[in-house]
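Enquirer: Dropping a structure here in structure tokens format, bear with me for questions.
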Amino acid sequence: MRKINNPIHKRKECERMKILSFGHALPKRTVTNAELTQFLDTTDEWIQSHTGIESRYIMTGRETLSGLGAKACKLALEHAGLKPENIDYILCSTTRGEMTFPSTACLIQEKLGATCPCLDVNAGCTGFLYALDVADAMLASGKVKRMLVVCAEQVSRLTDWTDRGTCVLFGDAAGAAVCEAGEGLKSIHLAAEGDAKPLHAWPSGGNSPFDDRIPEEQPLYMNGQEIFKFAVTHSCHDIETVMQDCGLTADAVDYFVLHQANRRILDAARSRLKQPAEKFPVNITTHGNTSSACIPVLLSEMAEDGRLQKGQTLVLSAFGAGLTTGAAVLQY
Amino acid sequence: MSTFETIAKLIAETKDLDINNIKPEMSFADLGLDSLDVAELVMNMEDELGVTIEISPSLKTVQDVVALVDEQKK
């Protein structure tokens with residue numbers, strides 16, 4: 001594993017952005033572990049003990065990623081008391097857009113009836129943190145006043161459903177946040193170590209008669225052990241870095257909202273940080289790993305059930321394909 | 001403490017096992033360690049011993065890891 005030398009790092013004197021509200025949307029279809037055992041050589045016990053996942057939401061026939069994303073955005077706007085015309089920019093984080101082009105952000109804009117510029121970003125499962133950082137810079141520059149950051153993911157349409165080691169891990173979802181200039185993002189730390197080997201996915205090929213590549217048989221590949229190591233090591237380091245930036249102790253943090261890749265990664269990070277379970281909210285049990293949507297969906301659910309309150313201090317942390325990693329201190 | 005003793009101690013702590021029952025020739029499967037337990041063990045070894053260990057399918061037994069660590073310590 002290479003050492004990451006030059007991460008982007010923003011200290012608290014640069015606070016420029018806050019989150020006003022969240023919204024999320026899930027596909028209609030739930031798939032339990034028991035259903036997976038009907039076509040995969042696996043068991044409910046194995047999936048639960050290795051990942052903590054009991055079921056996940058999976059997109060079916062007519063559901064579209066932009067539909068899911070637009071629903072999450074509408075709810076976030078509603079929660080902020082805003083309309084699509086109040087938004088100056090839509091930034092969408094997705095690892096597999098609905099189409100190669102147009103961008104999923106444009107497709108979501110059409111469904112919302114908004115008229116602002118739109119852009120997709122892809123930083124793997126770390127996408128929400130990377131998107132927040134872009135939003136922070138745009139809001140700080142004064143170019144825009146209010147933005148929608150939406151993470152829309154359909155990993156189920158990317159995985160190899162004959163590979164019992166990976167397809168059981170993922171789910172589909174969209175989570176959105178309305179962002180505005182203000183004092184919410186206290187510190188953010190992003191890094192990347194370009195290495196496709198441990199975690200990657202291939203696009204489906206075209207039909208160029210001049211292209212003699214042999215198509216990859218496995219659409220999504222992950223070396224679980226290497227990712228586990230990368231995740232725990234970097235997550236804890238990133239979290240400590242952003243807390244140190246803000247002079248925060250772990251005890252002063254209300255919630256640690258971590259990328260929901262695997263229950264055991266969450267538990268390993270929690271035990272290294274010596275914090276109680278209730279400060280590490282989870283939705284992996286019922287959602288699986290929904291890539292960059294994990295964190296905004298979880299925050300939206302916490303806002304809905306009252307766990308998340310204005311003024312609380314959150315530490316966010318994610319890692320994913322790239323390999324990328326990021327953490328932030330956010331005051332809601 | 002020999003490399004084996006250090007690693008046996010870490011395995012015993014990770015999986016709550018009796019250190020006296022851990023032998024070099026035992027595989028991780030024999031010890032009840034699954035793939036993520038091995039990853040966690042490797043991380044703890046890296047912290048404790050200051051080495052970098054790449055996890056590969058050839059790492060099957062306690063002795064495999066001892067050999068890899070001793071190689072790096074040279």
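Enquirer: Over chain A, what relative contact order in percent results from Cα pairs under 8 Å that are six or more residues apart?
Expert: Details: 785 pairs, mean separation 89.4, N = 332.
Once divided by the residue count of chain A, the mean separation gives 27 percent.
Enquirer: Jot down the radius of gyration and Dmax of segment A:289-332, Cα atoms only, both in angstrom.
Expert: Cα only, segment A:289-332: 11.6, 34 Å (Rg, Dmax).
Enquirer: Going toward the positive end of the dipole of segment A:120-253, with +1 on Lys and Arg Cβ and -1 on Asp and Glu Cβ, which of A:Ile214, A:Ala123, A:Ser235 do you reach last?
Expert: Sorting the options by dipole projection puts first A:Ala123.
Enquirer: Over all Cα pairs of the protein assembly as shown, how is the pair count split among 10 Å bins, expressed in % and running from 0 up to the last occupied bin?
Expert: Going out from 0 Å in 10 Å bins, the protein assembly as shown shows 5, 22, 31, 25, 12, 5, 1 percent.
Enquirer: Follow-up question, since we're still on this one. Loop only by DSSP, 10 or fewer other Cβ within 10 Å of the Cβ. Give me the trypsin sites (Lys or Arg not before Pro) in segment A:143-193 that pass, ordered by residue number.
Expert: none
Enquirer: Could you work out how far apart the two model spin labels at B:Lys74 and A:Asn86 are, taking each label as a point 7 Å from the Cα in the direction of the beta carbon, and quote it in nm?
Expert: Taking the two extended label points, one gets 6.8 nm.
Enquirer: Rg and Dmax in Å for segment A:200-262, alpha carbons only: what are they?
Expert: When restricted to Cα atoms, segment A:200-262 yields Rg and Dmax of 19.8, 61 Å.
Enquirer: What size of dipole, in debye to the nearest 20, comes out for the protein assembly as shown about its Cα centre when the only charges are +1 on Lys and Arg C-beta atoms and -1 on Asp and Glu C-beta atoms? Intermediate values should be presented prior to the final figure.
Expert: On the way: 39 positive and 55 negative charges, 277 e Å.
Dipole magnitude for the protein assembly as shown comes out near 1340 debye.
Enquirer: Are there trypsin sites (Lys or Arg not before Pro) in segment A:20-122 that DSSP puts in a loop and that have at most 12 other Cβ atoms within 10 Å, and which ones?
Expert: On the way: sites: A:Lys28, A:Arg29, A:Arg56, A:Arg62, A:Lys71, A:Lys74, A:Arg96, A:Lys111; in loops: A:Lys28, A:Arg62, A:Arg96.
Loop-located and lightly packed - A:Lys28, A:Arg62.
Enquirer: Eight or more residues apart or on different chains, and alpha-carbon atoms under 19 Å: count the Lys pairs in chain B matching that. Don't skip to the answer; put the middle values down first.
Expert: On the way: B:Lys9/B:Lys23; B:Lys9/B:Lys60; B:Lys9/B:Lys73; B:Lys15/B:Lys23; B:Lys15/B:Lys60; B:Lys23/B:Lys60.
Lysine pairs meeting the criterion: 6.
Enquirer: Between segment A:307-324 and segment A:49-112, what is the separation of their alpha carbon centroids in Å?
Expert: If we compute the Cα centre of each part, the gap is 19 Å.
Enquirer: Another question about this same structure. Give me Rg over Rh for segment A:208-320, both radii from the alpha carbons and Rh done the Kirkwood way, two decimal places. Could you put the intermediate results ahead of the total?
Expert: On the way: Rg = 17.3 Å, Rh = 15.7 Å.
Radius of gyration over Kirkwood radius for segment A:208-320 works out to 1.10.
Enquirer: On a straight-distance basis, which aspartates and glutamates could pair with A:Lys145 in a cross-link, Cα separation under 14 angstrom, same-chain partners fewer than 8 positions away excluded?
Expert: Straight-distance partners of A:Lys145: A:Glu85, A:Asp88, A:Asp136, A:Glu180, A:Glu183.
No value in this document is a laboratory result; all are computed from the given coordinates. This structure is a prediction, so every number in the text was calculated from the model and none was measured. Please note: Cβ atoms are built from the backbone with ideal geometry, for glycine as well, and neighbour counts cover all protein chains shown.
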